[in-house]
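Q: Before anything else, here's the structure in question.
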Amino acid sequence: MYTDWLIVGAGLTGSTLAERIASQRRESVLIIDQRDHIGGNVYDEYNEYGILTHKYGPHIFHTNSDEVFNYLSHFTSWCPYYHKVLASVEGQLVPIPFNLNTINKLFPTQMAARLGDKLITEYGYGARVPILKLREVEDTDLNFLADYIYRNVFESYTRKQWGVNPEDLSPAVTARVPVLASRDDRYFQDTYQAMPQYGYTNMIRRMLAQPNIRVMLNTNWQDVKEEIQYKRIIFTGPIDEFFNYSQGQLPYRSLNFNIQTHDQNKFQDAAVINYPNDYNYTRITEQKWLTGQKHTHTTTITEYPIPHISGKTIPYYPIPSEENRRLYGRYDDKAKEISDTVIFAGRLGNYQYYNMDQAVAQSLAIFRKLP
Ligand code: FAD
Ligand code: UDP
């Protein structure tokens with residue numbers, strides 16, 4: 001079997017590159033995936049109750065990139081959606097990211113006013129302060145606040161999610177959810193925040209609907225690599241797997257999802273409730289908040305973080321740390337030696353904690369640089 005391009009992985013990365021190559025260069029693309037569906041981790045489907053459900057955990061689209069938003073808009077229309085998250089802290093449900101409203105909910109009035117004023121004076125109204133930065137502050141009140149937030153919001157959640165303390169990860173991980181010196185309760189502050197009107201799978205199906213793209217599901221690259229002839233390959237699976245783990249295994253975190261449908265219209269008071277301190281799950285998402293779907297029943301997804309075991313669990317999260325970056329660097333060096341024929345891309349191919357928009361942005365950048 002011959003194809004100009006073999007793309008391993010029909011997630012957002014593989015699908016973006018397939019679409020660009022097929023539509024702009026008019027070359028043939030064979031895209032394979034070991035799963036029985038397209039979309040990778042953004043895959044959504046209607047469950048047995050008819051509720052649109054994100055099979056691999058809640059996915060909310062947000063970006064500051066005009067290019068990414070305009071590109072995806074060729075394949076979907078959008079429903080505007082501002083994502084809001086509450087966290088269970090000391091018996092109360094409070095807004096996350098931690099902001100002035102959260103302070104007001106958790107502390108007595110005068111104290112809250114003092115802490116809020118100090119935060120604004122130190123960093124400026126609207127500032128986004130990573131918790132690990134806030135912890136370096138010298139002011140006694142702000143130091144108390146930093147310690148409170150660290151202990152009640154970040155410490156246990158991070159240990160559950162990653163299996164290590166916040167300090168043992170790249171600071172960028174906890175900086176994804178900064179402390180906000182404002183009253184902005186939205187989880188993201190990006191220019192574009194929206195959900196694809198008919199879901200992610202529908203969007204990806206439209207990306208791949210081209211005469212010169214062939215899709216083969218239930219197909220593991222390991223099983224077909226000798227049979228398919230191609231000019232070039234784009235690999236969006238785990239880079240360590242591609243090289244037979246020759247440099248050692250890159251660590252990932254995995255998740256178990258408990259997806260339940262309840263015989264009630266509404267389950268909880270926000271799209272997502274985080275449980276930093278209790279239970280062995282991190283968060284519960286109620287699907288209908290994300291999609292705006294109306295239904296008599298409601299579906300929830302509870303996320304239980306677990307260690308990843310190669311071949312047994314899905315490698316959902318690369319673990320960003322200095323040590324892992326060095327190990328990835330060794331694979332990247334090997335990748336450079338074969339860059340004429342193999343391109344590594346995506347969250348697993350690049351071992352990067354990409355959001356959806358970053359996966360698309362990187363794919364568009366790769367496409368632009370193709371000789
Ligand atoms: P993937 O979706 O992982 O696709 C890789 C594909 O390669 C998979 O389908 C896999 O089956 C296939 N594959 C791997 N190895 C092989 C092989 N050997 N042979 C054949 N096929 C193979 N981003 C956001 O922007 N907003 C969010 O709210 C958000 N929430 C998330 C929640 C969770 C729980 C997770 C895990 C991620 C979330 N993300 C979110 C990130 C988002 O999922 C990724 O950015 C995006 O899916 C990356 O796409 P990808 O194509 O690079 O990787
Ligand atoms: N985090 C936390 N408590 C929270 C929310 C986030 O400790 O209530 C930390 C945790 O380490 C988490 C990281 O911030 O993994 C990034 O959170 P995000 O919601 O972006 O994670 P994702 O949606 O990618 O799982």
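Rule-based calculations on the coordinates, nothing more; no lab input. Predicted, not measured: the structure shown is a model, and the values here were computed from it. Counting neighbours? That spans all protein chains shown, and the Cβs are built from the backbone with ideal geometry, glycine included.
Q: Farthest toward the dipole's positive end in the range 146-262, which of GLY199, THR219, PHE154, given Cβ charges of +1 (Lys, Arg) and -1 (Asp, Glu) about the Cα centre?
A: Going by the charge dipole, the pick is GLY199.
Q: May I pose another question? Express the relative contact order of the range 206-321 as a whole percentage, based on alpha carbon pairs under 8 Å and six or more residues apart in sequence. Please report the intermediate quantities before stating the final value.
A: On the way: 139 pairs, mean separation 33.2, N = 116.
That works out to 29 percent.
Q: Note down the nm distance, to one decimal, between modelled labels 7 Å out along Cα→Cβ at SER77 and at LYS334.
A: Each label point is offset 7 Å from its Cα along the Cβ direction, giving 4.8 nm.
Q: Could I ask something else about it? Less than 19 Å apart at the alpha-carbon level, and either on another chain or at least 8 residues along: which lysines does that give for LYS266?
A: Those lysines meeting the cut-off are LYS84, LYS288, LYS294.
Q: Can you compute the FRET efficiency between ILE314 and THR121 using 1/(1 + (r/R0)^6), with r the Cβ-Cβ distance and R0 = 56 Å? Round to the nearest 0.05.
A: 0.75
Q: To continue, here is another question. Output ³J(HN,Hα) for the range 86-100: one whole-Hz value per residue in order, computed from phi by the Karplus curve 6.51 cos²θ - 1.76 cosθ + 1.60 with θ = phi - 60°, and x for Gly and Pro.
A: 10, 10, 7, 10, 6, x, 10, 9, 10, x, 10, x, 4, 9, 4
Q: Here's a follow-up. Summing +1 for each Lys or Arg and -1 for each Asp or Glu, what net charge is found among the other residues whose Cβ lies under 10 Å from the Cβ of ASN212?
A: Numbers: positive: ARG25, ARG26, ARG214; negative: ASP4, GLU27.
It works out to a net charge of +1.
Q: So which of LYS55/LYS133; LYS133/LYS334; LYS55/LYS105; LYS133/LYS160 end up more than 32 Å apart, counting from Cα to Cα?
A: Correct reply: LYS55/LYS133; LYS133/LYS334; LYS55/LYS105.
Q: Just to be sure I understand the model, the point goes 7 Å from the Cα along the line to the Cβ. What's the resulting THR296 to ASN256 distance in nm?
A: Roughly 3.2 nm, to one decimal.
Q: Within the chain, which is the longest segment containing none of the GluC sites (Glu not before Pro) that sit in a DSSP loop and have at most 16 other Cβ atoms within 10 Å?
A: Longest gap between qualifying sites, sites excluded: 228-371.
Q: Subtracting the Cα-Cα distance from 0.36 nm times the residue separation, let me have the gained length for GLU90 to LEU370 in nm, one decimal.
A: 95.5 nm
Q: Another question about this same structure. If you average the sequence gap of Cα pairs under 8 Å that are 6 or more apart and divide by the length of the chain, what percent do you get for the contact order?
A: 27 percent
Q: Right, something else. Per DSSP H run of at least 4 residues, take -39500 (n - 2.57); add these up for the chain, divide by its residues and hand me the 222 nm value, nearest 500 deg cm²/dmol. Write down the numbers at each step before the final one.
A: Working: 15 runs with 121 residues, N = 371.
Using -39500 (n - 2.57) per qualifying helix, the result is -9000 deg cm²/dmol.
Q: Within the range 307-352, list the trypsin sites (Lys or Arg not before Pro) lying in a DSSP loop whose Cβ has at most 11 other Cβ atoms in a 10 Å radius.
A: Passing both the DSSP loop test and the Cβ count: LYS312.
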